[in-house]
Amino acid sequence: MKKILVVLVMLLTVSVSAQKKKKNAKVSFEVDGVCMMCKKRIEKAALNTKGVKFANWNVKTHQLNLIIDERKTDLKTVQQKMADVGHDTKAVKATKEAYDALHPCCKYRDEEIVGDHKQ
């Protein structure tokens, strides 16, 4: 009986520690954008999110790499911040108003503008 109790306590300890939120979690996801102005806007919005310690968005791959404190924020919150400044992610789309507020050069939904940036 004692062995069963010891095993149960050990299992509970392991499961609680596995669910512990990390202070410096590395996460990444795609954010739509096309230029260096987008990069500045995306990184600024990320860094202005409580719990985000590092943000770097790659113009070519559209990957946003972050270091976050999972005790203070989560992926969904950061993705919503991207949408709030006009940039889509796979999980959260920017509202029409937020997208329309972008500079004309940053209209990543317009194929012509995307094509201009590829040249």
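Only residues in segment 96-110 that are small (G, A, S) and surrounded by 12 or more Cβ atoms within 10 Å (Cβ to Cβ) count as the first member; pair them with residues that are at pLDDT 95 or above and outside any helix (DSSP H, G or I), Cβ under 7 angstrom, at least 6 apart or cross-chain, and list the lot.
Once the first residue is small (G, A, S) and surrounded by 12 or more Cβ atoms within 10 Å (Cβ to Cβ) and sits in segment 96-110, its partners that are at pLDDT 95 or above and outside any helix (DSSP H, G or I) give A98/V85; A98/G86; A101/G86.
Out of the residues in segment 71-96 meeting the condition of being in a loop (DSSP other than H, G, I, E, B) and within 12 Å of the chain's Cα centre (by Cα), tell me which one is nearest to K39 (Cα to Cα).
Out of the qualifying residues, it is H87.
Can you say whether I42 is outside any loop (DSSP other than H, G, I, E, B), β-branched (V, I, T) and within 24 Å of K20 (Cα to Cα), as far as the supplied structure shows?
No: the conditions fail for I42.
Out of all the residues in segment 57-70, which are part of a loop (DSSP other than H, G, I, E, B), of a type outside the set (V, I, T) and touching an Asp or Glu at 6+ places or on another chain (Cβ under 9 Å)?
H62
Can you tell me which of (1) closer than 30 Å to K21 by Cβ; (2) among the hydrophobic types (A, V, I, L, M, F, W, C); (3) surrounded by fewer than 16 Cβ atoms within 10 Å (Cβ to Cβ); (4) in contact with a Lys or Arg (Cβ under 6 Å, 6 or more places away or on another chain) is the one V59 doesn't meet?
V59 satisfies every listed condition except (1).
The values are calculated or read from the model by the stated rules, or taken from the named source; none is laboratory data. Computed from a prediction, not measured in an experiment: that's the story for all the values here. Cβ: placed from backbone, ideal geometry, glycine included. Neighbour counts: every protein chain shown.
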